[in-house]
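Report on the structure given below.
Bear in mind that the values in this text are calculations on the coordinates, not laboratory data. Everything quoted here is computed from the prediction, not taken from an experiment. Counting neighbours? That spans all protein chains shown, and the Cβs are built from the backbone with ideal geometry, glycine included.
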Amino acid sequence: MDRSPPERIRVVIADDHRSFGEALQIALDRERDLTVIELVTDGVEAVRTATREHPDVVLMDLQMPGIDGIEATRRIREVGGDSAIIILTGNEDEAGLARAVQAGARGFLLKTEPVQDLAKAIRRAHRGEPLHDVTDMESSLRRLRTRRVADGDLERRLARLTPREIEILQRMADGLGPEQIADQLRMSRHTLRTHTQNILTKLGVHSKIEAVVAAIRFAKVRTDDVASEPEPTGEPTSNGG
């Protein structure tokens, strides 16, 4: 019986908000069959990368500097790119979303879509399936508006976290495990579990990765690609906290 891992779907993220793109990359790379091969921050680079790398799926921000997601989608299609393009949007620009679909996008999703739903949409797009009934634009936009309300609520929930809870989320974002976090913050595993459960409850999420992604998206924690490495000499450490 063949137990080899499934072939990974290669994804490019194009979004001018790097913190959002990084959070999304962390979340998608946790999926067994997805891998983010590039994160770009403008429309011109999105076209270059899609033309050069031929990703399976491009997650395209609607608003970007240089050229927007609509024009980038059109140019990718013009040069014969066959990547499935999904528009990610933070607004309800019905005309813009309709133009993006006309330009060749497979469909659109709100940026606050749960990671699990976004992963499912990537798989559907890769299989050539529609994300939704693009002729029923108003129904899709009503769903987007509901998500925007939820997004505002999540930002307010993040503001209720204590400094200690933010410290814990930062170390989770750095890739540290429970034992390392407890050691660095000089607390017991039981106390760490209590803090972690409080974080999930306050944010109304079901997993630590959802909490970390939310914190990165709203700039409550940073990502600097040096997870688990010692901090530079002269920088304050958290071992005394």
- Note on the structure: In the neighbourhood of Arg186 defined by beta carbon distances under 13 Å, the net charge of the other residues (Lys, Arg +1; Asp, Glu -1) is 0
- Query: In nm, what is the difference between 0.36 nm times the number of residues separating Arg222 and Glu7 and their Cα-Cα distance?
  - Reply: 74.3 nm
- Top positive-direction residue, dipole computed over region 159-217 with Cβ charges, set Ala215, Ser188, Thr201: Thr201
- Can you give the charge dipole size of region 159-217 about its Cα centre, rounded to the nearest 20 debye, using +1 on the beta carbon of Lys and Arg and -1 on the beta carbon of Asp and Glu? 180
